[in-house]
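Values in this text are rule-based calculations from the coordinates and carry no lab data. Because the structure is a prediction, the values reported are computed rather than measured. Positions of Cβ are backbone-derived with ideal geometry, glycine not excepted, and every protein chain shown enters the neighbour counts.
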Amino acid sequence: MAMHETFPDGQTNLEDIVDQHRLDAAIESLPHKQMQAIRLLKLKELSLKEAAVESKMSVAALKVATHRALRSLRKALFDWSDR
């Protein structure tokens with residue numbers, strides 16, 4: 001059995017970078033409260049209680065903002081994949 005090094009596929013890495021840029025742009029395009037909810041709950045991984053304190057929103061408002069943001073992100077990212 002021959003031993004050889006393998007390297008990650010450069011195209012895959014480039015696609016990951018492009019996907020990350022698309023995600024970042026989609027998050028930036030959200031209304032402020034939705035963007036804040038995504039950043040605190042999904043990116044920083046704060047609890048609802050911690051995010052509510054930091055954002056000065058109620059837990060219920062954070063849940064609504066997160067739900068709406070995720071719906072918008074799905075739509076934005078799906079629409080971009082068609083281009």
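See the values below:
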item: Condition check for Arg71: assigned to a helix (DSSP H, G or I), among the basic types (Lys, Arg) and surrounded by fewer than 13 Cβ atoms within 10 Å (Cβ to Cβ); result: yes
item: Top-ranked residue of segment 33-53 - restricted to ones that are surrounded by fewer than 17 Cβ atoms within 10 Å (Cβ to Cβ) and not in a helix (DSSP H, G or I), ranked as farthest from the chain's Cα centre (by Cα); result: Ser47
